[in-house]
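Have a look at the structure below before the remarks.
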Ligand code: AP5
């Protein structure tokens, strides 16, 4: 089963994708994570990507589609969770073509709905485990008191360079201009399901599970 998690920055896409990986053995394809890996490579491409991401703008369709194409080829036949992809209509069309090429279907597109005030609150309080990427939040999901990650026991945590108010404003603008048209695009295809992303993490996970089952 292949699904898309769609929503603005901070809506909880990564958090829910990790739950689905644990509970259903699906493979998370986060273009944000792939691009963060590329930026640490030190290549010219990595440097260009880093500048775009830190500003909160979208990386070109060509680069992102190329990354997804490689992964679909590598993990043929797996059930994918597309997290943060597609983000433009061109990317959505390309995904449709790639899935058709692999004789695969899109089971559902799950939109996580969260208002802007809550997005700002969540993003500015987010941190992740430096070792395994588990996501924490100073307010709603704090790092345990013993300072160890609940998943891997790691003791180092980091904050993302683009998790500041200025980049977030640009990220939100990019979402409303370029990504939110995908809501109508997938509604017209009969694939769209919306979930109230303001609920707590377990409740959102239960709502997603009900859709997938
Ligand atoms: P990306 O890494 O995809 O970031 P994003 O879309 O901005 O989304 P986030 O990762 O910030 O949020 P999330 O929805 O995963 O929320 P999370 O679960 O962490 O992209 C980064 C950049 O890469 C882009 O700006 C762009 O430059 C580039 N890029 C990526 N993909 C691209 C593409 N396809 N095309 C072009 N460019 C691309 O949760 C956030 C916080 O809230 C956490 O602290 C969490 O603990 C907490 N939380 C989660 N759920 C809840 C809940 N229900 N209640 C309370 N707290 C919650």
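One table, with the values for the structure above:
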read-out: Residue in region 163-181 that is farther than 19 Å from residue 116 by Cα, touching a helix residue (DSSP H, G or I) at 6+ places or on another chain (Cβ under 7 Å) and within 14 Å of the ligand (Cβ to nearest atom) present; value: no
read-out: Criterion violated by residue 51 - all others in (1) buried (at least 19 other Cβ atoms within 10 Å of the Cβ); (2) over 23 Å from residue 93 (Cα atoms); (3) within 11 Å of the ligand (Cβ to nearest atom) satisfied; value: (1)
read-out: The lone exception for residue 121 - which of (1) more than 29 Å from residue 1 (Cα to Cα); (2) within 12 Å of the ligand (Cβ to nearest atom); (3) part of a loop (DSSP other than H, G, I, E, B) it fails; value: (3)
read-out: Output for region 54-97, where each listed residue is away from the ligand (no atom under 11 Å from the Cβ), farther than 14 Å from residue 179 by Cα and at pLDDT 95 or above; value: 80, 81, 96, 97
read-out: One residue from 50, 17 being in a helix (DSSP H, G or I), at pLDDT below 95 and either over 16 Å from residue 134 (Cα atoms) or touching a strand residue (DSSP E or B) at 6+ places or on another chain (Cβ under 7 Å) (or both); value: 50
read-out: Count of residues meeting criterion [in a loop (DSSP other than H, G, I, E, B), within 14 Å of the ligand (Cβ to nearest atom) and touching a strand residue (DSSP E or B) at 6+ places or on another chain (Cβ under 8 Å)] in region 128-149; value: 5
read-out: Meets criteria (in contact with a helix residue (DSSP H, G or I) (Cβ under 8 Å, 6 or more places away or on another chain) and modelled with pLDDT of 95 or more) for residue 153; value: no
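The values are calculated or read from the model by the stated rules, or taken from the named source; none is laboratory data. Given the structure is predicted, the values throughout are model-derived calculations rather than measurements. Every residue, glycine as well, gets a Cβ built from its backbone with ideal geometry; the counts of neighbours run over all protein chains shown.
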